Amino acid sequence: MPVMELAPGAPGNSCLVLCLPGRWNRAGAFAEHGFAQLAREAGVDAAVVAADAHIGYYARRTVLERLHLDVVEPERARGRDRLWLVGVSMGGVGSLLYAGAHPGEVAGIVLIAPYLGEREILDRVRAAGGLKSWQPPETPPPGQDFQLDIWRVLKAILEADSGGPSLFLAHGGEDDLADGHRLLAAALPPERVLTIRGGHDWETWRALWAGYLATGELARACR
């Protein structure tokens with residue numbers, strides 16, 4: 001899996017910000033929309049990279065393996081072992097599933113307009129009273145239904161409290177996927193959710209990224 005360095009880290013900075021693109025995008029989209037520049041302006045001194053984790057990797061079910069072997073492990077060998085994942089749309093799926101497959105390795109996840117599954121899984125979580133009350137079924141086992149796995153990971157993060165990765169959700173109020181976003185937002189503390197006017201597009205995602213950076217969390221975590 002190719003990886004694009006958007007900004008080098010400051011000498012001695014062990015933090016890596018790894019951006020995962022949406023379904024119809026490639027790594028270069030983060031450069032085009034100034035994600036690294038916004039991070040620098042917000043005081044983030046970490047290395048910022050984008051993986052070219054396109055839809056083909058998800059279709060072949062190799063995205064987690066290739067992220068680990070081609071991106072994360074080489075960066076870890078360079079001393080960048082504090083991993084923050086920034087997932088846009090489908091990249092949110094990759095971010096969550098990677099965190100679930102590698103517990104303890106991810107320091108934080110920023111979900112920007114993430115895909116969280118179709119109506120059936122959302123209705124099941126909602127009918128149970130929300131994510132806090134929902135209990136994942138024993139079948140199918142992990143790895144057989146990725147939509148179910150998304151919510152398994154979200155519940156595990158929520159229940160891990162301070163022991164799991166920091167989780168932040170940012171989305172546009174008019175996004176076509178906002179039903180899933182609102183369901184997740186209901187389970188998160190208000191300060192972990194950012195909602196602005198906008199749809200499922202890069203203009204909105206760039207504004208959401210800037211809004212998240214304005215909280216100062218990433219700059220503080222990556223000092």
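Values quoted throughout were computed directly from the atomic coordinates according to the rules given, and no laboratory measurement underlies them. Fair warning: this is a prediction, and the values are worked out from it, not measured in the lab. We place every Cβ from the backbone using ideal geometry, glycine too, and count neighbours over all the protein chains shown.
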Discussion item. Only four residue types carry charge here, +1 at the Cβ of Lys and Arg and -1 at the Cβ of Asp and Glu. Report the dipole size of the range 3-218 about the Cα centre in Debye, rounded to the nearest 20.
Written reply: 100 debye
Discussion item. Calculate the FRET efficiency for Ala127 and Ala214 from the Cβ-Cβ distance with a Förster distance of 25 Å, rounded to the nearest 0.05.
Written reply: 0.10
Practice prompt. Find how many whole Å separate the alpha carbon centroid of the range 128-147 from the alpha carbon centroid of the range 35-95.
Written response: 26 Å
Worksheet item: Going by alpha carbons, how many degrees (0 to 90, nearest 10) lie between the helix axis of 146-160 and the longest principal axis of the chain?
Response: 80 degrees
Discussion item. For a Förster distance of 30 Å, can you work out the FRET efficiency between the beta-carbons of Asp201 and Glu5, rounded to the nearest 0.05?
Written reply: 0.75
Worksheet item: So how far apart, in nm, are the two label points at Leu188 and Phe146 if each is 7 Å from Cα heading toward Cβ?
Response: 2.1 nm
Worksheet item: Fully extended, how many nm does the chain gain between Ser166 and Glu118 (0.36 nm per residue separation, minus their Cα-Cα distance)?
Response: 14.8 nm
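Kindly provide the GluC sites (Glu not before Pro) of the range 64-114 that DSSP labels as loop, not H, G, I, E or B, and whose Cβ sees at most 16 other Cβ atoms within 10 Å.
Loop-located and lightly packed - Glu105.
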Item to complete: With both partners inside the chain, how many of the DSSP beta bridges are antiparallel, as a percent to the nearest 5?
Response: 15 percent
Worksheet entry | Net charge over other residues, Cβ less than 9 angstrom from the Cβ of His33 (K, R count +1; D, E count -1) | -1
Fill in: Backbone N within the range 79-122 under 19 Å of label point (7 Å from Arg60 Cα along the Cβ vector)
91, 94-95, 98
Response to the item:
Among Asp81, Asp176, Asp52, the residue with the largest mean-square fluctuation in a Gaussian network model of the chain built from Cα contacts under 10 Å is Asp176
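Relative to 2.2 N^0.38 Å, what does the C-alpha radius of gyration of the range 39-129 come to as a ratio? Two decimals please.
Expressed relative to 2.2 N^0.38 Å, the Cα Rg reads 1.21.
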Discussion item. Which residue, Pro2, Leu38, Ser162, has the largest displacement toward the positive end of the dipole of the chain when charges sit on each Cβ (Lys, Arg +1; Asp, Glu -1)?
Written reply: Ser162
